[in-house]
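> Below you'll find the structure I mean.
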Amino acid sequence: DNADIGLVGLAVMGQNLALNIADHGYNIAVFNRDPGKTRKFIEEAKQSEPSHARLLPFEDLASFVLSIKRPRKIVLLVKAGSATDVTINALVPFLEQGDIIIDGGNSLWTDTIRREKELRAKGIEFIGSGVSGGETGARFGPSLMPSGTRMAWASLEPIWRDIAAKVDAVTGEPLEGAAPGKPIEGGFSCTEYIGPDGAGHYVKMVHNGIEYIDMQLICEAYWLMKNLLGMEADEIGKVFEEWNQGELSSFLIEITGDILQQKDPVGPGFLVDKILDTAGQKGTGQWTAANALELGAPANAIAAAVYARALSSVKEERVEASKILKGPVIKTESDKQAIIEAIKNALYCSKICAYAQGFQLMDKAQVQYNWKLNFGEIAQIWRGGCIIRARFLQKITDAYALNSRLKNLMLDPYFTQAMNEGQEGWRKVIALAVTNGIPAQGFSAALAYYDGYRSAVLPANLLQGQRDYFGAHTFERVDQPRGKFFHVDWPDPARPQLDV
Ligand code: 6PG
């Protein structure tokens with residue numbers, strides 16, 4: 001038994017995470033359902049990976065498990081859903097008390113809660129760990145969101161800290177070339193204990209919900225520049241490149257700059273113009289929106305991003321509808337620089353709303369599911385390695401450092417100022433989108449959230465009247481203490497008001 005850890009599932013994420021672990025000086029046993037895949041992986045690693053000798057391949061589960069030092073740590077990187085249960089069930093007969101299974105897939109957090117409970121009853125520890133950063137993140141430093149018992153975490157922690165992305169602990173700037181296995185002075189490793197049972201996968205799910213809206217907002221900015229200003233893809237790409245130097249600096253803005261400037265490798269023009277406009281999705285954004293609905297958290301911008309993908313996917317219907325349903329003729333704007341600046345404002349303000357919604361949702365969830373989440377730390381874990389990594393996240397960590405009980409990110413002085421400064425441009429852009437018939441669901445949903453949240457008074461008075469009218473659902477009065485409920489016999493004003 002000379003493996004420090006084991007890993008099951010050698011698709012790209014699994015392969016890359018195994019190499020990352022081996023690079024940090026750990027012997028890692030690897031197993032895949034199809035042994036041919038294991039052989040191929042080892043073959044290729046021998047040719048190109050210096051740490052390949054630390055990869056220990058196995059073709060049967062029993063010897064794989066026996067090769068791992070106890071308490072055994074076994075990472076699963078298999079498809080979320082039933083494949084995860086099948087793998088766990090196959091492993092269990094070979095495991096002993098105190099062994100730890102770590103699920104690094106994009107599992108639904110309620111599945112993680114169930115699995116943790118089932119395995120605990122068998123004396124086996126279960127860590128559900130969000131893993132973000134795609135293939136490159138897994139290989140060179142992901143953002144990791146683990147949850148389970150503290151004891152299990154203590155056992156996994158050294159490896160997780162070693163392989164995670166590293167950022168400067170104070171500024172949050174990514175630390176490049178972090179030496180494998182060596183702690184970096186002043187460095188923060190992008191992983192922290194999130195909480196018990198499903199908390200880690202929950203936080204990863206919200207990360208993905210935010211990822212969806214972050215991406216949607218960027219797409220809207222691109223679309224408005226293209227349609228309102230008649231800009232070509234590469235020119236828009238340069239704008240993103242420039243934005244990446246400032247407060248919008250982030251992985252998604254950076255890759256957008258690259259994507260937009262990419263020439264079509266098989267013909268003239270830019271590749272982005274040749275990509276079919278139907279968005280795929282594997283479900284994590286939809287889970288976030290559905291959970292927000294369930295908890296009554298106003299995450300309308302996150303939901304708008306999910307709906308925007310759904311609308312994009314009915315391509316044939318849209319093509320038909322475009323011949324039937326009328327819209328205005330788009331009027332190209334001439335004041336290019338001013339419009340680009342306004343689009344930047346719209347993007348930044350909407351992004352703040354999106355994150356405010358994500359954190360507000362996690363706040364509701366921690367009450368509902370009995371967790372104690374550390375929001376400043378979560379923002380710091382997301383600062384490096386993950387898909388939504390951004391300079392902006394440091395401001396969120398700072399906001400929670402200033403006030404750990406912050407009700408809404410928009411109320412933090414930095415963010416309040418950003419919204420105050422950006423809102424004029426944001427409104428102008430949405431007005432232009434509306435008058436020209438250009439869809440901007442993300443920007444508009446975010447603005448509706450902002451305007452709703454900052455309204456001391458909303459028309460829900462009328463709504464309560466309607467509910468009381470047709471269903472005797474009662475209402476409270478502005479001139480009476482909260483918690484006192486009234487009902488009247490609508491529509492007869494002469495009848496007395498009942499105190500219920
Ligand atoms: C990450 C990503 C990753 C992934 C999702 C999103 O954090 O590394 O979020 O988990 O890209 O699969 O997928 P869809 O867009 O396909 O839903």
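The values are calculated or read from the model by the stated rules, or taken from the named source; none is laboratory data. Remember, predicted model here, so these are calculated numbers, not experimental data. Methodologically, a virtual Cβ is constructed for each residue, glycine included, from the backbone with ideal geometry; neighbour enumeration extends over all protein chains shown.
> Take Asn227 and decide whether it is outside any loop (DSSP other than H, G, I, E, B) and more than 21 Å from the chain's Cα centre (by Cα). Even if it seems obvious, please write down each step before you answer.
On the way: outside any loop (DSSP other than H, G, I, E, B): yes; more than 21 Å from the chain's Cα centre (by Cα): yes.
Considered against the rule, which asks whether it is outside any loop (DSSP other than H, G, I, E, B) and more than 21 Å from the chain's Cα centre (by Cα), Asn227 comes out as yes.
> Within the range 309-327, is even one residue assigned by TED's automatic domain parsing to the domain that holds Gln394 and within 28 Å of Glu424 (Cα to Cα)?
Yes, there is a match, as at least one residue in the range 309-327 is assigned by TED's automatic domain parsing to the domain that holds Gln394 and within 28 Å of Glu424 (Cα to Cα).
> Val206 fails exactly one of the following numbered conditions: (1) buried (at least 20 other Cβ atoms within 10 Å of the Cβ); (2) within 16 Å of the ligand (Cβ to nearest atom); (3) at pLDDT below 95. What is the number of that condition?
(3)
> Follow-up question, since we're still on this one. Looking at the structure I just gave you, is Leu95 closer than 18 Å to Asp4 by Cβ, away from the ligand (no atom under 16 Å from the Cβ) and of a type outside the set (Lys, Arg)?
Yes, satisfied.
> Further question: Within the group Ala301, Ala308, which residue is crowded, with 17+ Cβ neighbours inside 10 Å, part of a helix (DSSP H, G or I) and more than 15 Å from the ligand (Cβ to nearest atom)? Steps first, please.
Numbers: Ala308 fails: more than 15 Å from the ligand (Cβ to nearest atom).
Sole residue among the options that is crowded, with 17+ Cβ neighbours inside 10 Å, part of a helix (DSSP H, G or I) and more than 15 Å from the ligand (Cβ to nearest atom): Ala301.
> Which number in (1) at pLDDT below 95; (2) in the same structural domain as Gln337 (by TED's automatic domain parsing) marks the one condition that Asp234 misses?
Asp234 satisfies all of (1) at pLDDT below 95; (2) in the same structural domain as Gln337 (by TED's automatic domain parsing) except (1).
> May I pose another question? With the checklist (1) under 25 Å from Gly230 (Cα atoms); (2) away from the ligand (no atom under 15 Å from the Cβ); (3) surrounded by fewer than 19 Cβ atoms within 10 Å (Cβ to Cβ) in hand, flag the one item Ile275 doesn't pass.
(2)
> List the strands (runs of 3 or more DSSP E) inside the range 108-177, counting only whole elements, that have at least 3 residues being within 16 Å of the ligand (Cβ to nearest atom), under 28 Å from Gln286 (Cα atoms) and not acidic (Asp, Glu).
Filter on the range 108-177 gives 125-132, 143-147.
> Let me ask another. If you scan the range 380-402, which residues turn out to be basic (Lys, Arg) and within 16 Å of the ligand (Cβ to nearest atom)?
Arg383, Arg389
> For Val239, state whether it is away from the ligand (no atom under 16 Å from the Cβ) and β-branched (Val, Ile, Thr).
Numbers: away from the ligand (no atom under 16 Å from the Cβ): yes; β-branched (Val, Ile, Thr): yes.
Judged against the criteria, Val239 is a match.
> I need a count of the residues in the range 431-440 that are assigned to a helix (DSSP H, G or I) and either touching a Leu at 6+ places or on another chain (Cβ under 8 Å) or crowded, with 24+ Cβ neighbours inside 10 Å (or both).
Matching residues across the range 431-440 total 3.
> Exactly one condition in (1) within 19 Å of Val434 (Cβ to Cβ); (2) in contact (Cβ under 8 Å) with a residue 24 or more places away in the chain is false for Ser322; which is it?
(2)
> Scan the range 262-313 residue by residue and report those that are of a type in the set (Phe, Trp, Tyr) and over 23 Å from Leu361 (Cβ atoms).
First pass over the range 262-313, keeping only residues of a type in the set (Phe, Trp, Tyr): 270, 287, 307.
Scanning the range 262-313 gives a single hit, Phe270.
> Identify the single condition in (1) without any contact (Cβ under 8 Å) to a residue 60 or more places away in the chain; (2) buried (at least 18 other Cβ atoms within 10 Å of the Cβ) that Ile194 does not satisfy, given that it satisfies every other one.
Status for Ile194: all satisfied but (1).
> Filter the range 10-53 down to the residues that are part of a helix (DSSP H, G or I), touching a strand residue (DSSP E or B) at 6+ places or on another chain (Cβ under 6 Å) and not small (Gly, Ala, Ser) and list them by number.
Ile21, Thr38, Ile42, listed by residue number.
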